[in-house]
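Notes for the one structure printed next.
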Amino acid sequence: MECFGEILDMVRRQSPVVHSITNYVTVNDCANIILAAGGSPIMADDAAEVEQIVGLSSSLVLNIGTLNTRTAASMLAAGKRANALNIPVVLDPVGAGASSLRNETLRTLMREVRFAVIKGNSSEIRFLAGDKATARGVDADEGTLVSEDNLAASARMAMDMCAATGAIIIISGRIDIVAHPKGAWAVSNGDPLMTRITGAGCMTAAVVGCCVGAAPAELPQACLCAMCSMGVAGEIAAENMGAVGGGTGTYRTLLLDAMSSLDGPAITCRGKVQHIA
């Protein structure tokens, strides 16, 4: 895990520009977590400029949380341009399976855009893998969540999807899985309070954008760094909230604070990463 600290240092030295076409519920949170991690956010989503903006960026994050036909077209154009420039593209398929618009947009994006990383909750990833997984809105179905009991099976499913898509696959949840065709890891950091604020998953995808933007040649390690960093920041925020009191609004602020002060020694000391396949 020492390399995670090195990747986080790279993010802060390089300040990678992370172009996010994301949902309007969490766009401000995503911009702030990118800044806290050390990156530079730009949230342009108009089709008339996204290709130019991609050209200025280190990574592109596509999040379909509040999808509409206008942003669907922008995502497709931006993704194709990023591919042409060899800029890593991260997909967050929020609510996959919930509507025909989302499903058709995802089919188009996955057919037309080469993704470096696909990050979603267990229901979203299972849906993309062809399973008939269900979700509660944008939340994962409890029955699909990664647990110690299904860890190996979930890792195999993620690795199979890696082989089919060419992307690093991240399943986020109580236990996160980061997989590529030749290996998979479990990350057990985080705090239950992260599920009580809007946008923790979207912010996590934004941090992935920071790390892969800074270290595109080290995608698996960059993704592990992002997941571990977000989980450790969530734990630190929960501990600090106990000292100051408050509720979920306080926790959101403390999460940003924790990410902004996170360093390599904290990740090395607190990271809970297990090689599982």
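Things to note:
- Among the residues examined, Gly209 qualifies as of a type in the set (Gly, Ala, Ser), in contact with a strand residue (DSSP E or B) (Cβ under 6 Å, 6 or more places away or on another chain) and at pLDDT 90 or above.
- Condition broken by Ala152, with the remaining ones in (1) modelled with pLDDT under 80; (2) part of a helix (DSSP H, G or I) satisfied: (1)
- Every listed requirement among (1) under 24 Å from Asp160 (Cα atoms); (2) in contact (Cβ under 8 Å) with a residue 12 or more places away in the chain; (3) outside any helix (DSSP H, G or I); (4) open to solvent by 20 Å² or more (accessible area, probe 1.4 Å) is met by Arg126 save one, (3).
- No other residue among Ala226, Ala206 is farther than 24 Å from Glu148 by Cβ, assigned to a helix (DSSP H, G or I), in contact with a helix residue (DSSP H, G or I) (Cβ under 7 Å, 6 or more places away or on another chain) and open to solvent by less than 10 Å² (accessible area, probe 1.4 Å) apart from Ala206.
- Filter pass, Thr253 being over 29 Å from Val54 (Cβ atoms), in contact with a Gly (Cβ under 9 Å, 6 or more places away or on another chain) and among the polar types (S, T, N, Q): yes
- Test: residue in region 158-167 that is open to solvent by 10 Å² or more (accessible area, probe 1.4 Å), of a type in the set (Gly, Ala, Ser), in a loop (DSSP other than H, G, I, E, B) and more than 29 Å from Gly246 (Cβ to Cβ): yes
- Filter result for Val232 (of a type in the set (Val, Ile, Thr), within 14 Å of the chain's Cα centre (by Cα) and in a helix (DSSP H, G or I)): no
- Only residues that are open to solvent by 20 Å² or more (accessible area, probe 1.4 Å), modelled with pLDDT under 95 and at positive phi were counted in region 85-123, giving 1.
- Of Ala73, Ala82, Ala48, all but one fail to be open to solvent by less than 20 Å² (accessible area, probe 1.4 Å) and over 27 Å from Leu254 (Cα atoms); the exception is Ala82.
- The test for being β-branched (Val, Ile, Thr), under 17 Å from Ser261 (Cβ atoms) and buried (at least 24 other Cβ atoms within 10 Å of the Cβ) does not hold for Ile21.
- One residue stands out in region 237-262 among those that are farther than 22 Å from Ser172 by Cα and assigned to a loop (DSSP other than H, G, I, E, B): the one that is most open to solvent (accessible area, probe 1.4 Å), namely Gly246.
- Selection within region 168-193 - open to solvent by less than 40 Å² (accessible area, probe 1.4 Å), more than 19 Å from Phe127 (Cα to Cα), part of a strand (DSSP E or B) and modelled with pLDDT of 95 or more: Ala184, Ala186, Val187
The values are calculated or read from the model by the stated rules, or taken from the named source; none is laboratory data. None of the values given here were measured: they were computed from a predicted structure. Backbone-built Cβ (ideal geometry, glycine too); neighbour counts: all protein chains shown. With ligands, DNA and RNA removed, areas are computed over all heavy atoms of the protein, side chains included. Shrake-Rupley method; radii C 1.70, N 1.55, O 1.52, S 1.80 Å.
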